[in-house]
Amino acid sequence: MSRGFYVGRFQPYHNGHQSVLERIACFADEIVIGVGSAQISHTVTNPFTAGERVLMLTRSLEDLDCPFYVIPIEDIQRNALWAAHVRAMTPPFDRVYSSNPLVIQLFTEAGITVQSPDMHERPIYSGTAIRQRMLDGEPWEHLVPPAVVDVIREIHGVERLQRIAKSD
Ligand SMILES: Nc1ncnc2c1ncn2[C@@H]1O[C@H](COP(=O)(O)OP(=O)(O)OP(=O)(O)O)[C@@H](O)[C@H]1O
Ligand SMILES: NC(=O)c1ccc[n+]([C@@H]2O[C@H](COP(=O)(O)O)[C@@H](O)[C@H]2O)c1
């Protein structure tokens, strides 16, 4: 049984993430998805709660041909202990998929094999670019799976982001 681990903040979950997970699904028997910085929400760079991000991922991956688990993971103050913290919160996995240099470093030091998936049209599919479009009132819906559009509409996510970005 090979289980892969993929972690991100998913603020929001977008088509770049979806394309990576669809690729990982071909290699792994099961996928564990970590929703990172789970304790942070309602900020301009992290507008959505862990629960809202779980909803975005779970609904978008309904048709994925591979069993998956979505686990919120809070940050901790010690990078040196983070890989062990993640392992304590997740089903066992034997491979990590990430392009984040710190994540790669910490799991490599912990003796776990890390693979970096190719980026999928990175300038377009980026959380930062999508949040900026939401703030500017530009179209963003084509950059995320349809289920994410539904979740963000349901929680009035764009209005939230625009409000918290205002100065007093
Ligand atoms: N377009 C993409 N194609 C493939 N992988 C991506 C893409 N965008 C992000 N990733 C990867 O997905 C993982 C989670 O990324 P994250 O949730 O931070 O998204 P992001 O688009 O980089 O967001 P932000 O701009 O807010 O940092 C990281 O390993 C990141 O490198
Ligand atoms: N010390 C820690 O808590 C620690 C260390 C490395 C990564 N992380 C988290 O892992 C996630 C990595 O995701 P991104 O690739 O989206 O940045 C982030 O939520 C980040 O905060 C946390």
Hey, Glu30 among the acidic types (Asp, Glu) and more than 16 Å from ligand 2 (Cβ to nearest atom) or not: yes
Flag for Val114 being surrounded by fewer than 20 Cβ atoms within 10 Å (Cβ to Cβ), in contact with a Ser or Thr (Cβ under 9 Å, 6 or more places away or on another chain), modelled with pLDDT of 95 or more and aliphatic (A, V, I, L, M): yes
Subset of the range 20-47 that is at pLDDT below 95 and small (Gly, Ala, Ser) - its residue that is farthest from ligand 1 (Cβ to nearest atom): Ala28
Residue count for the range 6-39, restricted to those that are over 28 Å from Arg160 (Cα atoms) and not hydrophobic (A, V, I, L, M, F, W, C): 4
Selection count, the range 52-79, where residues are of a type in the set (Val, Ile, Thr) and either farther than 20 Å from Phe27 by Cα or free of Cβ contacts under 8 Å to residues at least 12 places away in the same chain (or both): 4
Output for the range 35-93, where each listed residue is in a helix (DSSP H, G or I), surrounded by fewer than 20 Cβ atoms within 10 Å (Cβ to Cβ) and over 13 Å from the mean Cα position of the chain (by Cα): Arg59, Asn79, Ala80, Leu81, Trp82, Ala83, Ala84, His85, Arg87, Ala88, Met89
Flag for Tyr125 being within 27 Å of Arg153 (Cα to Cα), of a type in the set (Phe, Trp, Tyr) and within 14 Å of ligand 2 (Cβ to nearest atom): yes
Residue in the range 1-17 that is farthest from the chain's Cα centre (by Cα), counting only those that are more than 8 Å from ligand 1 (Cβ to nearest atom) and crowded, with 20+ Cβ neighbours inside 10 Å: Gly4
Top-ranked residue in the range 101-111 [being in contact (Cβ under 8 Å) with a residue 12 or more places away in the chain and surrounded by 12 or more Cβ atoms within 10 Å (Cβ to Cβ); ranked as farthest from Leu21 (Cα to Cα)]: Ala110
Unmet requirement for Ile124, which otherwise passes all of (1) within 15 Å of ligand 1 (Cβ to nearest atom); (2) in a helix (DSSP H, G or I); (3) surrounded by fewer than 17 Cβ atoms within 10 Å (Cβ to Cβ): (2)
Positions within the range 1-25 being assigned to a strand (DSSP E or B) and among the aromatic types (Phe, Trp, Tyr), in sequence order: Phe5, Tyr6
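The values are calculated or read from the model by the stated rules, or taken from the named source; none is laboratory data. Predicted model, so just to flag it, every value in this text is computed and none were measured. Methodologically, a virtual Cβ is constructed for each residue, glycine included, from the backbone with ideal geometry; neighbour enumeration extends over all protein chains shown.
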